[in-house]
Amino acid sequence: EDKVVQSPLSLVVHEGDTVTLNCSYEVTNFRSLLWYKQEKKAPTFLFMLTSSGIEKKSGRLSSILDKKELFSILNITATQTGDSAVYLCAVGNYGQNFVFGPGTRLSVLP
Amino acid sequence: ETGVTQTPRHLVMGMTNKKSLKCEQHLGHNAMYWYKQSAKKPLELMFVYNFKEQTENNSVPSRFSPECPNSSHLFLHLHTLQPEDSALYLCASSQDWTAPDGRGYTFGSGTRLTVV
């Protein structure tokens with residue numbers, strides 16, 4: 001059965017800190033990995049990763065995938081209170097839908 | 001706004017009521033999904049429609065009944081629900097269910113359902 005594990009499940013940091021969120025998976029016939037940010041309700045898309053070792057960047061956020069070790073990390077540098085959210089990881093294989101992890105709840109304190 | 005609109009935003013219903021959730025997308029996507037998000041649990045896929053045809057039903061109880069009249073609209077009809085069905089119900093769409101584009105899914109803001 002396909003599985004996605006995220007760690008930590010919750011994290012509290014102060015503004016300016018750098019955080020690393022982890023997503024590991026067991027999926028047959030891997031296709032791609034998605035990261036989403038969920039603040040109140042609608043998860044919003046951050047990154048789609050399909051190839052190992054290629055970093056995706058958007059402002060202070062970056063992510064990388066390791067298909068050999070079956071994990072991805074999401075880095076946020078110089079965190080701000082607006083980064084407080086649940087970060088979701090989802091993994092998909094060919095011909096099937098994505099499986100979501102439980103999410104990491106990040107709280108950034110002023 | 002993400003391009004996927006869900007109504008109502010909040011719904012409180014009794015166990016004997018019948019209600020419907022609505023989802024509409026204006027992104028030109030061909031696949032639409034219903035997800036359930038309960039407290040402290042991962043997003044659970046409920047139903048998938050591709051080009052108006054149901055392609056997946058993830059062992060969802062029959063008290064949840066989906067309807068997809070066209071590629072832009074998706075409904076979830078609810079009847080005789082249980083308190084444990086209280087959750088956030090999210091609608092999503094993608095270009096195609098077998099090969100989402102580079103943005104994966106686009107989600108709506110959800111309907112917060114409380115069953116009393």
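The values are calculated or read from the model by the stated rules, or taken from the named source; none is laboratory data. Since this is a predicted model, take the numbers as computed values, not measurements. For neighbour counting, all protein chains shown are included, and Cβ atoms are generated from backbone atoms with ideal geometry for every residue, glycine included. Remember, those area values only see protein heavy atoms, side chains included, never the ligands or the DNA or RNA. Shrake-Rupley method; radii C 1.70, N 1.55, O 1.52, S 1.80 Å.
Only residues that are closer than 17 Å to B:Thr106 by Cα and not acidic (Asp, Glu) were counted across region B:43-67, and they come to 8. Among the residues of region B:12-23, the ones that are within 13 Å of B:Leu90 (Cα to Cα) and crowded, with 17+ Cβ neighbours inside 10 Å come to 2 in all. Taking the residues in region B:41-58 that are open to solvent by 50 Å² or more (accessible area, probe 1.4 Å) and more than 10 Å from chain A (Cβ to nearest Cβ) as candidates, determine which candidate is modelled with the lowest pLDDT. The selected residue is B:Asn57.
Assess whether B:Leu76 counts as being among the aliphatic types (A, V, I, L, M), within 30 Å of A:Ser7 (Cα to Cα), open to solvent by less than 20 Å² (accessible area, probe 1.4 Å) and under 12 Å from the mean Cα position of the chain (by Cα).
No, not satisfied.
Among the residues examined, A:Ser84 does not qualify as small (Gly, Ala, Ser), over 16 Å from B:Tyr105 (Cβ atoms) and loosely packed, with under 15 Cβ neighbours inside 10 Å.
Going through region A:41-81 one residue at a time, which ones are on the phi > 0 side of the Ramachandran plot and without any contact (Cβ under 8 Å) to a residue 24 or more places away in the chain?
A:Gly53, A:Gly59
Here B:Trp34 meets each of (1) open to solvent by less than 10 Å² (accessible area, probe 1.4 Å); (2) in contact with a Ser or Thr (Cβ under 8 Å, 6 or more places away or on another chain); (3) assigned to a strand (DSSP E or B) with one exception, condition (2). With respect to the conditions (1) within 14 Å of another protein chain (Cβ to nearest Cβ); (2) charged (D, E, K, R); (3) crowded, with 17+ Cβ neighbours inside 10 Å, B:Asp85 lacks only one, and its number is (1).
The set of residues from region A:26-57 being more than 10 Å from chain B (Cβ to nearest Cβ) and out of contact with any Phe, Trp or Tyr (no Cβ under 7 Å at 6 or more places or on another chain) comprises A:Glu26, A:Val27, A:Thr28, A:Phe30, A:Glu39, A:Leu49, A:Ser51, A:Ser52, A:Gly53, A:Ile54, A:Glu55, A:Lys57.
Does B:Arg112 meet the test of being within 14 Å of chain A (Cβ to nearest Cβ), part of a strand (DSSP E or B) and of a type in the set (Lys, Arg)? Working first, answer last.
On the way: within 14 Å of chain A (Cβ to nearest Cβ): yes; part of a strand (DSSP E or B): yes; of a type in the set (Lys, Arg): yes.
Yes, satisfied.
Scanning region A:34-49 for residues that are at pLDDT below 90 and under 19 Å from B:Gly104 (Cα atoms), which turns out least open to solvent (accessible area, probe 1.4 Å)? The qualifying residue least open to solvent (accessible area, probe 1.4 Å) is A:Ala42.
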